[in-house]
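To start, the structure under review is shown below, and the notes come after it.
Every read-out reported here was derived from the displayed coordinates using simple, explicitly stated rules and does not represent laboratory data. Here the structure is a predicted model, which is why all the values come from computation and not from measurement. FYI the Cβ positions are ideal-geometry reconstructions off the backbone, even for glycines, and counts take in every protein chain you see.
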Amino acid sequence: MAATPLPTPFDVKLMNLTATVLFAGALVTGLASGLWWLLRHPGFSIAGITVQGDVAHNSAVTLRANVAPRLSGNFFTLDLAAARRAFEAAPWVRQALVQREFPNRLRVALQEHQPVAYWGRESDSRLVNSFGEVFEANVGDVESEALPRLRGPEGQSAQVLGMYQQLAPIFEPIDATLEQLELSSRGGWRAQLDGGAVLELGRGTPEEVAPRVQRFVRTLTQVVARYGRRPSSVESADLRHGDGYALRLRGVTTLVPDAAKKP
C-alpha cells in the first residue's frame with residue numbers, strides 16, 4: 001500500500017506564504033520604481049512638435065511658441081485632449097489632431113477655418129466658415145474683401161448661410177450681388193444688394209423663398225423699363241405679396257399687383 005503523504009506543517013505553509021507575499025511586493029515595488037523612472041526621465045520630455053495641415057494664418061513656429069508653454073507632462077503623461085484644446089484656442093484653428101511620436105515628440109494636424117462670410121454687425125469681428133460655424137478672428141487677416149455679411153439669431157448661422165447659398169446665384173441675370181442677408185428673430189428674411197436695394201423676402205425655407213426671388217428677378221427689367229429705369233435703380237422691394245411685389249424706385253413709387261403677367 002502507498003504511504004499516505006504527511007500534511008505540510010503550518011509553520012512551513014506560513015513561511016511559503018510569507019515568501020510569496022514578499023516576492024510579489026518586491027516585484028510591484030520594482031515595477032513601480034521602473035515606471036516612476038520612466039515617467040520622470042528627461043529623455044521623454046516633449047522635445048519637438050511637428051505641425052502639419054492648414055497654416056495659412058498661423059505659422060508652425062508661432063503655434064509652437066504659443067502652445068508649448070501651455071502643455072504639461074511628458075510623452076507618457078501629456079493629456080492629448082488638453083493639448084488639442086490648446087491648439088484649437090489659437091486664432092483661425094478649427095480642429096487639431098494631436099498624436100504622440102515616440103520617444104519625445106508630438107505631431108499635430110491642423111484644419112483652419114475657411115471664411116465665407118462676415119457675421120453680425122459691421123463692427124463685429126466674427127466670421128462664418130464653410131461649415132456654417134461662427135468663429136472669432138482678426139478680420140484684417142481675411143484675404144477676400146468681397147465676403148457677404150450675414151446676420152441672424154445665435155445658433156442659426158448655418159441656416160442663414162444655406163439660404164444665402166441658395167439665393168446668391170439667382171441675382172446674376174440682373175448683374176446684382178447679394179451683399180447682405182439677415183434672418184430676424186421672427187423668422188423673416190431681408191436681403192441687401194450691392195447697389196443698396198433692400199428686399200423684404202418674407203418667411204420660409206429656401207424652397208419657399210427662392211421662387212419669390214426668381215419671380216422678382218425674372219420680371220424686374222421689364223417693370224423698371226416702363227419708368228425709364230434700370231434694375232440698379234431699385235431702392236427697395238417687398239416680395240411678401242402672394243401675387244406680386246411692391247417696388248420702390250429712386251424717385252418713383254409704384255405697386256406691381258401681378259409682376260409675372262406684366263409685359
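Mind running the shape call on region 115-261? Use the C-alpha gyration tensor, a ≥ b ≥ c as the square roots of the eigenvalues: rounded below 1.5 for a/c, prolate if a/b tops b/c, oblate otherwise.
prolate
Among Thr50, Leu63, Phe76, whose Cα projects farthest towards the positive end of the dipole of region 47-112, with charges put on the beta-carbon of Lys, Arg (+1) and Asp, Glu (-1)?
Value: Phe76.
With labels modelled as points extended 7 Å from the Cα through the Cβ direction, what inter-label distance (nm, one decimal) is found for Asp141 paired with Asp194?
Distance between the two pseudo-spin positions: 2.7 nm.
Where Lys and Arg each count +1 and Asp and Glu each count -1, what net charge lies around Glu172 among other residues with Cβ under 15 Å from its Cβ?
-2
So which GluC sites (Glu not before Pro) in region 113-173 end up in coil per DSSP with only 14 or fewer other C-beta atoms within 10 Å?
Passing both the DSSP loop test and the Cβ count: Glu122, Glu133, Glu143, Glu145, Glu154.
Work out the FRET efficiency for Arg70 and Glu208 from their Cβ-Cβ distance, taking R0 = 30 Å, and round it to the nearest 0.05.
Here the calculated transfer efficiency is 0.05.
Going by the alpha-carbon gyration tensor, a ≥ b ≥ c the square roots of its eigenvalues, is region 137-214 rounded (a/c under 1.5) or, if a/c is not under 1.5, prolate (a/b greater than b/c) versus oblate?
Judged from the Cα gyration tensor, region 137-214 comes out oblate (a/c at least 1.5, b/c at or above a/b).
Around Pro91, under 10 Å between beta carbons, what's the net of Lys plus Arg minus Asp minus Glu among the other residues?
Summing Lys/Arg as +1 and Asp/Glu as -1 gives -3.
Pick out, in residue order, every one of the trypsin sites (Lys or Arg not before Pro) in region 178-224 that is DSSP loop and has at most 14 other C-beta atoms within 10 Å; say none if there are none.
Sites meeting the loop and neighbour criteria: Arg186.
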